[in-house]
Amino acid sequence: MTELRSELKESVRIISGNAACAWAARYARVQVISAYPITPQTTIVEKLSDFVENGELDAEYIRVESEHSVMACLIGASYNGVRTYSATSGQGLAYMHEMLHWAAGARLPIVMGIVDRGMAPPWNIWADHQDVLAARDTGWMIFFASNHQEIFDTTIQMYKICENPNVFLPAFVCLGGFIMSHTQQPVHMPDQSLVDEFLPEVPKNGWPHFFLDPDRPITHGNLQNPGGPNIDPSCWYYEYRYLIQKAHENAKQVIIDVAKEYQKKFGIFHGDLIEKYKCDDAEVALVSIGSLADQAKIAVDNMREEGYKVGAIKLRCYKPFPTEQFQELAKKIRVFPVMERSMAFGLIGGIVSIDLKAILYQHPKHPFVLPVIAGVGGRDVRVEDQIEVLKTAVEMAETNEFKTELIVSGLHE
Amino acid sequence: MVKLKELIKDPVAGEEYFLKGNSSCAGCGGELAFRWIMKALGKRTIVVAPASCFNVTIGLYPRAGPAIPYLNMAFAAGAATCSGIVAGLAARKKLDPSMEDITVLCFAGDGGTIDIGIQGLSGAAERGTDFIYICYDNEAYMNTGTQRSGGTPFGAWTTTTPTGKKEHKKNVPMIMAAHGIPYVATACAGYPLDLYQKVLKAKKIKGTKYIHVLAPCAPGWRFPTEQAIEVGRKAVQTGMWILYEIEDGKMTLSGPSKNLLDKKNRKPIEEYIKLQGRFRNISPEDVKVLQKWVDRQWEDLKIRLACQS
Ligand SMILES: Cc1ncc(C[n+]2csc(CCOP(=O)(O)OP(=O)(O)O)c2C)c(N)n1
Ligand SMILES: [Mg+2]
């Protein structure tokens, strides 16, 4: 079996985004998989079943009865210090929400593909980021891939980031339902041996802080009192929570380093926390996540042909948020339109735009954030729509007048 | 049944894996059961405890009563976490053969088993996860202050059934037996040696093993703390709780229950319920309803036993 796996040679495969997820998990030699089917994630778990049953991937595959159990299984497995993988979408992610907190709170380096889809009702199975953004504050790192190559590369990188002892956090690698999961693109895959060299070895004796070993009996997750000065200094709940925050801060440099190392080894770079496109002289930069970020490059090129100084920013990593990068960009960029497939109900804009506003609020240059909702439930977002938003932003930059009303692009009249 | 004399000779049985000074209430049936279960399972055991009193009785951080790896877990997630641990151990065994021979135990309350955890439990049993699932049944959500569960008997007071529960107890051991798993047993904290023996047996069997232990709860059932054993035994002697094993589908009655198929040998349930404040306000009519339900459990058993032979 081991022989078969090490035979994987460098190749280019024309595959779906979902297949890219499954191939990456195989390359990472995940040891335990648990999954429950949901459209549009299903072909990932089907492909992984094939890999395992054909003897191409030496993993335990637990086919559970619900997503709550998916995450419980991965938590149990990961507590043994083994490498784990799963994938889900929309309702499935919501159903396992309780366990998402558990995985992050226990600091388990679980990696999960999220094929984003709209939350019901009414039923919707197409690209929409409401599902994963509702898990924003669970402690998971959140990455968005914008093409199939990036899905593959990010998933592999993720194990190196999550398993870094200064991080020890779980992570989502997101791809838009159908628009990425079910379309085909060429994906370059390296020699297995190179991936083996790149990824850390899973420690034989597990990671020290989460390990189930009868010779080292540890009770995990005891109840803790609130504690406080002069009350009970042995209460650490608050401190544990704070350490999750610290881990997110630590992760920022690790993400940058891993992206660089990956580039050096495999010659591919998708950005670190963000990817900038023609931002150097830009006054306006369109911020987006997932496939919209790839398409934004076309919109920028079109605008540039007409002489506009615009650029695009792909938010590759949403959690930890690329705060420092945006603060740097804001020294030159006047307006950041944020076009996204989600809604921060009751606020003005999508969820990412709210966060961007928050981190730029006290910026000395007072840049504008222009929230734009687009493509909810997988509705088509055309290059023209992105151009229109860019033009609105350019106008704002020129007139220095901020538009307060929410722009909802592509809504039926 | 094992004799106390034999037991004393067994070095494992002499060990305590749930240490003194834990935070259990005085006279806790669940704690007694857990200590005996761990005596049978020994050191090389990993325990998962979904939300229940057993996330509290183990002691507040940094104190911990369990002398074995012990994982506090989300309420509905006990069984699935065990599936994950078993898979994780299987993966580790490939690198480190010393991981062999570890027993994985889920120790869950009636709420975590009968109600919120039943989906995960059923899934794990259907998958045949190689672990032991033990429900300690104190017949209510005790950790949150005695609210009714699917395990609360008809007529019993709880804080959410202030005039007595209107529905009967759910029969989860038989539901588990319907999964076709190799071993199902019931036990009672009032008969710890019977429990010990059943756990020893379960440990040797591969696949999913399910043991359902009635665990009297002094504060929840409202009886004096020194009477936990007495109350547990009365539950068995009146036939309210039946001790049996189902091995590869074949049922046998065990312990005192062996002689209770004939109704004449069973004490009236009044002898059991009168010991407990939770039945204080039950009406004579409702006692009859409960007695009828008990008798029906036995009639069902009779049919099953007759069909087997
Ligand atoms: C999802 C979820 N819902 C509710 C709770 C609150 N809760 C904690 S323990 C418990 C009752 C447990 O009852 P049982 O399983 O019978 O164990 P016992 O406390 O009686 O020992 C409840 C309702 C929780 N922890 N998680
Ligand atoms: Mg209970």
Can you give me the distance in nm between label points at A:I354 and B:K302, each placed 7 Å from the Cα along the Cα-to-Cβ direction?
6.5
The lysines whose Cα lies under 17 Å from the Cα of A:K276, excluding any fewer than 8 residues away in the same chain, are A:K252, A:K260, A:K297, A:K309, A:K314, A:K331, A:K332
Check B:W241: other-chain or 5+ apart residues with amide H under 5 Å from its amide H, H built from backbone geometry?
B:V236
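Would you kindly calculate the mean projected area, averaged across all directions, of the convex hull enclosing the Cα atoms of chain A, in square nanometres?
22.1
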Which log10 I(q)/I(0) values, to two decimals, does the range B:195-248 give at q = 0.15, 0.16, 0.17, 0.22 Å⁻¹ under the Debye formula with one point per Cα?
-0.55, -0.60, -0.66, -0.88
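Total accessible area buried between chains B and A, 1.4 Å probe, in Å² to the nearest 100?
3500
With all distinct Cα pairs included, what does the Kirkwood hydrodynamic radius of the range A:2-198 come out to in Å, to one decimal, could you say?
16.3
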Would you tell me the mean number of C-beta atoms belonging to other protein chains that fall within 10 Å of each C-beta in B:43-49, as a whole number?
4
With Rg from the Cα atoms and Rh as the Kirkwood inverse mean 1/r over Cα pairs, the range A:195-318 has an Rg/Rh of 1.18
Diagonalise the Cα gyration tensor of the range A:256-413 and give the resulting equivalent ellipsoid semi-axes, square root of 5 times each eigenvalue, largest first, whole Å.
23, 18, 17
Just add up the charged neighbours of A:K47: K/R +1, D/E -1, any other residue whose Cβ is under 12 Å from the Cβ of A:K47.
-2
Would you mind checking the range B:160-200 for residues with the amide N under 20 Å from a putative spin-label position 7 Å along Cα→C-beta of B:K258?
B:184-200
Amide H to amide H under 5 Å from B:N143: which residues, 5+ apart in sequence or cross-chain, H placed 1.01 Å off N in plane?
B:C53
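Determine the calculated [θ] at 222 nm for chain A from helices alone, applying -39500 (n - 2.57) to every DSSP H run no shorter than 4 residues and normalising by the residue count; nearest 500 deg cm²/dmol.
Rounded to the nearest 500, it is -12000 deg cm²/dmol.
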Would you kindly derive the ³J(HN,Hα) couplings of the range A:355-372 from the backbone phi angles with the Karplus curve 6.51 cos²θ - 1.76 cosθ + 1.60 (θ = phi - 60°), listing them in order in whole Hz, with x for Gly and Pro?
5, 5, 4, 4, 7, 9, 4, 9, 5, x, 8, 6, x, 8, 10, 10, x, 9
Sorted by chain and then number, the residues having a modelled amide H within less than 5 Å of the amide H of B:Y210, at least 5 places away or on another chain, are B:Y133, B:Y183, B:V184, B:A185
Go ahead and run the numbers for FRET between A:D232 and A:V408, Cβ-Cβ distance against an R0 of 45 Å, rounding to 0.05.
0.30
Sorted on mean Cβ neighbours within 10 Å (highest first), peptides A:84-93, B:285-294, B:201-210, A:356-365 come out as A:84-93, B:201-210, B:285-294, A:356-365
On average, how many beta carbons from a partner chain sit within 10 Å of the beta carbon of a residue in A:63-71?
6
For B:56-67, what's the mean count of beta carbons from other chains sitting within 10 Å of each residue's beta carbon?
4
Give the residues of the range B:59-95 whose amide nitrogen is closer than 19 Å to a point set 7 Å from the Cα of B:L19 in the direction of its Cβ.
B:59-72
Can you run phi through the Karplus equation (6.51, -1.76, 1.60; θ = phi - 60°) for the range B:148-158 and list ³J(HN,Hα) in whole Hz, with x for Gly and Pro?
5, 10, x, x, 5, x, 3, x, 7, 6, 9
Three principal axis extents, largest first, for the C-alpha atoms of the range A:279-362, in Å?
37, 26, 21
Taking the convex hull of the alpha-carbon atoms of the range B:1-111 and averaging its shadow over every direction gives an area in square nanometres of 8.4
Just to confirm a number: summing +1 for Lys and Arg and -1 for Asp and Glu over residues other than B:R44 whose beta-carbon lies under 15 angstrom from that of B:R44, what do you get?
0
Given a Förster radius of 45 Å and the C-beta distance between A:F345 and A:Q245 as r, what FRET efficiency does 1/(1 + (r/R0)^6) yield to the nearest 0.05?
0.95
Equivalent ellipsoid, the range A:151-238 (semi-axes from 5 times Cα gyration tensor eigenvalues, Å):
38, 20, 11
Mind putting a number on the dipole of chain A about its Cα centre? Charges go on the C-beta only, +1 for Lys and Arg and -1 for Asp and Glu, and I need it in Debye to the nearest 20.
540
Mind giving me the FRET efficiency for A:E46 and A:F211? R0 is 41 Å, r the Cβ-Cβ distance, nearest 0.05 is fine.
0.80
Hey, any idea what the orientation-averaged projected area of the convex hull of the protein assembly as shown's Cα atoms comes to, in nm²?
36.1
Taking 0.36 nm per residue of separation and subtracting the Cα-Cα distance, what length does fully extending A:R304 through A:E395 add?
31.3 nm
Measuring from a point 7 Å past the Cα of B:E270 along Cα-to-C-beta, which residues in the range B:195-238 have an amide N at less than 16 Å?
B:238
If we sort A:224-232, A:57-65, A:108-116, B:91-99 on the protection proxy, mean other Cβ atoms within 10 Å, highest first, what's the order?
A:108-116, A:57-65, B:91-99, A:224-232
When you take every Cα atom in the range B:4-308, what is the radius of gyration, and what is Dmax, the widest Cα pair distance, in Å?
18.6, 64
Can you compute the modelled spin-label distance between B:D10 and A:Q184, with each label point 7 Å from Cα toward Cβ, in nm?
6.2
Return the distance in nm (one decimal) between the two label points of a simple spin-label model at A:Q327 and B:K93, each offset 7 Å from Cα along Cα→Cβ.
5.2
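The values are calculated or read from the model by the stated rules, or taken from the named source; none is laboratory data. All values derive from a computational prediction rather than experimental measurement. Cβ coordinates were reconstructed from backbone atoms using ideal geometry, including for glycine residues, and neighbour counts include every protein chain displayed. Each accessible area value is taken on the protein alone, full model and side chains, heavy atoms only, with ligands, DNA and RNA left out. Shrake-Rupley method; radii C 1.70, N 1.55, O 1.52, S 1.80 Å.
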